[in-house]
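K.L.:
Have a look at this one before I ask anything.
The values are calculated or read from the model by the stated rules, or taken from the named source; none is laboratory data. Keep in mind it's a predicted model, so treat the numbers as computed, not measured. Don't worry about glycine lacking a Cβ; one is built from the backbone with ideal geometry, like all the others, and counts go over all protein chains shown.
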Amino acid sequence: MAGDKSKLIEKNPQSQQLESEENELHTLGEISDAVEVSLPASSKKKFRVSEEGYEYKTYLTKKFLERKPWKAPDPYKVVSHIPGSVIEVFVKPGQKVKKGEKMMVYEAMKMMNVITSPMDGIIKEVNVKVGEILPKGALLITFKK
Amino acid sequence: MSLLSKKISELRERTQQAQQGGGDKAIAKQIAMGKLPARERIRKLLDQGTFYEYDLFIQHDAREFGMEKKDLAGDGVVIGTGKINGQPIAVYAQDFTVAGGSLGSMHARKITKIMDYALKMRIPLIGINDSGGARIQEGVNSLAGYGEIFFRNTLNSGVIPQISVILGPCAGGAVYSPALTDYVFVVDKISKMFITGPEVIKSVLGEEIDMESLGGARVHCETTGNAHFFAESEDECFKQIKTLLSYLPANNQTPAEEKKPAQPLKKYSIVKTVPADPTEPYDVRNVIKALVDDSEFFEVQELWAKNIVIGYGRMEGRTVGFIANQPLYLAGVLDCDSSDKAARFIRFCDAFNIPIVTLEDMPGYLPGIDQEHAGVIRHGAKLLYAYSEATVPKITVILRKAYGGGYIAMNSRHLRADFVFAWPTAEIAVMGPQGAANIIFRKEITEAEKPEEMRKLKVKEYKEKFANPYVAASKGYIDSVINPADTRKFILQSLDISQHKTAGIPKKKHGIPPF
């Protein structure tokens with residue numbers, strides 16, 4: 001049944017009139033028992049609509065289409081939480097560190113921030129060099145698993 | 001047996017029957033999940049022997065889907081009044097052992113009844129949430145129930161403190177009652193809050209996530225900012241609630257209970273805490289502890305937007321709300337989350353007549369595409385709005401950096417701070433020396449024989465001329481430049497002077513803050 005519905009949507013003349021990918025009409029379903037349905041090829045997006053749930057014809061916003069999928073944070077990776085630059089690195093690959101130990105001085109917003117180890121562990125890799133200017137979310141140090 | 005004693009024993013039986021909740025099996029299941037039964041929670045939270053329960057014999061009135069044959073004890077919620085720290089409060093607790101604590105129309109009517117009591121008696125309201133959601137069999141009646149609760153949450157807002165305690169699932173529409181209340185308490189592994197659960201998210205969007213990562217206690221304390229207090233256990237959570245209430249007044253007309261005045265502990269020293277070098281971070285909470293009675297500071301939203309610290313302390317026995325930039329995290333910058341966090345806290349303090357002390361040390365607003373696109377303009381404006389609108393005594397101490405828009409936003413004289421003090425280490429200027437020198441002396445620097453040396457020279461010149469408190473002092477924008485060791489003295493004197501402060505805003509229905 002869901003298949004029939006999705007075909008109807010694909011044939012929807014309105015959606016074919018719309019040229020821009022962003023303005024493509026999509027359907028969003030709800031509730032469980034989901035069936036995967038391919039939407040018009042031009043949209044390159046797949047959405048699932050429900051077997052029994054309601055279907056809506058709707059435009060998707062740019063923000064929605066460009067959203068990044070959620071990823072579980074990796075505890076073995078230390079990333080920058082603010083744009084800044086690397087001033088000093090105290091640790092080397094293979095080094096054992098204790099939780100709270102100083103690993104790096106990272107300058108951001110006129111402040112010398114000390115980056116400390118989030119755990120007891122062994123450094124696998126130092127991913128940055130002194131002097132490097134980094135954006136938010138850059139990988140600084142990787143721990144051995 | 002006399003007729004009276006017969007009637008009394010019948011009452012006893014009925015009471016016992018109703019207080020069993022969902023019965024032994026359901027209660028055992030609740031305990032196996034690491035959760036306490038509803039009445040046990042109330043007993044632990046309230047002062048011993050002070051709880052009086054109402055509406056124990058309420059029956060649901062659903063007549064569809066076989067509901068007419070079902071007997072739901074108290075319709076899945078316990079309501080009543082009692083005392084915490086000797087002060088009267090109103091409380092409700094959803095009983096998960098009865099039909100999963102699902103909300104039907106009578107269940108909602110009990111909750112709204114106690115909410116109306118709380119408002120009428122002008123006493124704090126505490127809601128313990130542990131519910132599977134709307135009772136589907138009651139259809140739109142259960143939605144009506146939620147709506148009635150949300151409406152009252154809104155009316156009560158700013159009149160009595162409202163506290164939500166999430167001790168189980170709280171999903172779908174149900175989350176909006178906690179979201180409308182002033183403080184939300186969560187417990188690790190027990191609290192779950194979301195609008196749509198992992199299964200729906202997977203079926204609609206194909207994104208996979210487990211329940212804890214989606215809406216667990218930690219997520220709401222660290223990432224979303226929906227919750228204010230994180231506890232490892234229900235007992236710890238109840239302790240936190242008692243501590244919070246000890247700082248708060250019962251309503252917006254009476255002051256909070258005063259405690260015996262006390263000195264801060266000797267081990268907290270302002271001079272030793274704050275490095276004179278403005279690039280060195282430190283924990284601003286230690287400054288607050290060096291200022292408040294007994295060095296007791298009760299932090300709110302400790303785990304979210306850590307670049308700003310908010311919370312309560314007492315000075316000479318009276319409750320004071322503190323807002324402080326935290327150089328230890330993100331250099332203490334203002335951003336979307338920290339503006340939201342501080343703005344809401346200011347509005348709570350203002351509504352309940354709690355004076356606000358602001359400790360300022362921040363380099364400005366956080367630059368970045370993600371911040372701009374997340375609407376830092378709109379969020380940052382909330383902070384300006386909240387400070388400007390607040391009429392409680394407002395005192396600012398500038399410890400080190402006070403740059404640019406952040407200087408204005410952090411309760412500056414221009415937003416009607418009552419008292420503004422600065423330490424000699426304060427740097428009050430339109431922007432940092434590096435950036436400012438590059439703009440003002442662009443020509444001199446580029447045309448110099450050795451541009452780099454000229455730049456350094458000009459940065460130094462700017463620093464000496466402007467990165468200090470005396471320019472602002474010469475304009476009267478700050479009242480005094482003070483010795484850091486005298487900070488408590490100055491704040492106490494200012495609070496004392498402001499006791500009968502009279503200030504107002506133009507008469508209006510309400511303002512329109514940039515929500």
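K.L.:
Is it the case that B:Ala437 is crowded, with 20+ Cβ neighbours inside 10 Å and touching a residue at least 40 places away in the same chain (Cβ under 8 Å)?
P.N.:
Taking the combined requirement at face value, the residue does not satisfy it.
K.L.:
Which residues, taken from the range B:372-396, are within 14 Å of chain A (Cβ to nearest Cβ) and either β-branched (Val, Ile, Thr) or buried (at least 21 other Cβ atoms within 10 Å of the Cβ) (or both)?
P.N.:
If the condition is that a residue be within 14 Å of chain A (Cβ to nearest Cβ) and either β-branched (Val, Ile, Thr) or buried (at least 21 other Cβ atoms within 10 Å of the Cβ) (or both), then B:Val376 is the only one that fits.
K.L.:
I'd like the residue in the range A:96-129 that is more than 27 Å from the chain's Cα centre (by Cα) and aliphatic (A, V, I, L, M) and, out of all such residues, is modelled with the lowest pLDDT.
P.N.:
Checking each candidate, the answer is A:Met111.
K.L.:
Here's a follow-up. In the range B:345-371, what residues are within 14 Å of another protein chain (Cβ to nearest Cβ), in contact with an Asp or Glu (Cβ under 8 Å, 6 or more places away or on another chain) and part of a helix (DSSP H, G or I)?
P.N.:
B:Gln371
K.L.:
Could I ask something else about it? Here are some conditions: (1) out of contact with any strand residue (DSSP E or B) (no Cβ under 8 Å at 6 or more places or on another chain); (2) more than 14 Å from every other protein chain (Cβ to nearest Cβ); (3) touching a residue at least 60 places away in the same chain (Cβ under 8 Å). B:Gly317 meets all but one. Which one does it not meet?
P.N.:
(3)
K.L.:
Still on this structure, I have one more. Taking the conditions exactly as written (within 14 Å of another protein chain (Cβ to nearest Cβ), touching a residue at least 24 places away in the same chain (Cβ under 8 Å), over 18 Å from the mean Cα position of the chain (by Cα) and farther than 30 Å from B:His510 by Cα), does B:Thr196 satisfy them or not?
P.N.:
Here the answer is yes, as B:Thr196 does meet what is asked.
K.L.:
For the range B:1-28, how many residues meet the condition of being surrounded by 14 or more Cβ atoms within 10 Å (Cβ to Cβ) and not in a loop (DSSP other than H, G, I, E, B)?
P.N.:
Of the residues in the range B:1-28, 4 are surrounded by 14 or more Cβ atoms within 10 Å (Cβ to Cβ) and not in a loop (DSSP other than H, G, I, E, B).
K.L.:
Further, regarding this structure: Can you pull out every residue in the range B:389-417 that is over 18 Å from A:Met111 (Cβ atoms), in contact with a Gly (Cβ under 8 Å, 6 or more places away or on another chain) and not in a helix (DSSP H, G or I)?
P.N.:
The one that is over 18 Å from A:Met111 (Cβ atoms), in contact with a Gly (Cβ under 8 Å, 6 or more places away or on another chain) and not in a helix (DSSP H, G or I): B:Thr391.
K.L.:
If we only count strands (runs of 3 or more DSSP E) wholly inside the range B:289-344, which ones have 2 or more residues that are within 19 Å of B:Ile408 (Cα to Cα)? Before you say what the answer is, go through the steps one by one.
P.N.:
Numbers: elements: B:298-300, B:308-315, B:318-325.
Answer list for the range B:289-344: B:308-315, B:318-325.
K.L.:
Checking the structure you have, find out if any residue of the range B:324-344 is in contact with a Pro (Cβ under 9 Å, 6 or more places away or on another chain), of a type in the set (D, E, K, R) and in contact (Cβ under 8 Å) with a residue 60 or more places away in the chain.
P.N.:
No.
K.L.:
Looking at the range A:104-140 only, could you name the residues that are under 23 Å from B:Gly368 (Cβ atoms), part of a strand (DSSP E or B) and away from every other protein chain (no Cβ under 14 Å)?
P.N.:
Of everything in the range A:104-140, those that are under 23 Å from B:Gly368 (Cβ atoms), part of a strand (DSSP E or B) and away from every other protein chain (no Cβ under 14 Å) turn out to be A:Leu139, A:Leu140.
K.L.:
Failed condition for B:Lys259, given (1) part of a helix (DSSP H, G or I); (2) surrounded by fewer than 19 Cβ atoms within 10 Å (Cβ to Cβ), with all others met?
P.N.:
For B:Lys259, the exception is condition (1).
K.L.:
Do we have B:Ile166 as within 17 Å of B:Leu180 (Cα to Cα), in the same structural domain as B:Gly82 (by TED's automatic domain parsing) and touching a residue at least 40 places away in the same chain (Cβ under 8 Å) here?
P.N.:
Yes: the conditions hold for B:Ile166.
K.L.:
So, one more: Out of B:Gly80, B:Gly145, I need the residue that is part of a helix (DSSP H, G or I) and either buried (at least 20 other Cβ atoms within 10 Å of the Cβ) or not assigned by TED's automatic domain parsing to the domain that holds B:Glu212 (or both). Which one?
P.N.:
It is B:Gly145.
K.L.:
Now, a different point. Among the listed residues B:Thr196, B:Thr154, B:Thr243, identify the single one that is surrounded by fewer than 22 Cβ atoms within 10 Å (Cβ to Cβ), modelled with pLDDT under 95 and of a type in the set (Ser, Thr, Tyr).
P.N.:
B:Thr196
K.L.:
When the residues of the range B:40-62 are filtered to those that are touching a strand residue (DSSP E or B) at 6+ places or on another chain (Cβ under 6 Å) and outside any loop (DSSP other than H, G, I, E, B), which remaining residue is nearest to B:Ile126 (Cα to Cα)?
P.N.:
B:Ile42
K.L.:
A further question follows. Among the residues of the range B:148-180, count how many are in a strand (DSSP E or B) and within 18 Å of the chain's Cα centre (by Cα).
P.N.:
Qualifying residue count, the range B:148-180: 5.
K.L.:
Would you mind finding the one in B:Val459, B:Val420 that is crowded, with 20+ Cβ neighbours inside 10 Å, within 14 Å of chain A (Cβ to nearest Cβ) and not in a loop (DSSP other than H, G, I, E, B)?
P.N.:
Working: B:Val420 fails: within 14 Å of chain A (Cβ to nearest Cβ).
That would be B:Val459, the only listed residue that is crowded, with 20+ Cβ neighbours inside 10 Å, within 14 Å of chain A (Cβ to nearest Cβ) and not in a loop (DSSP other than H, G, I, E, B).
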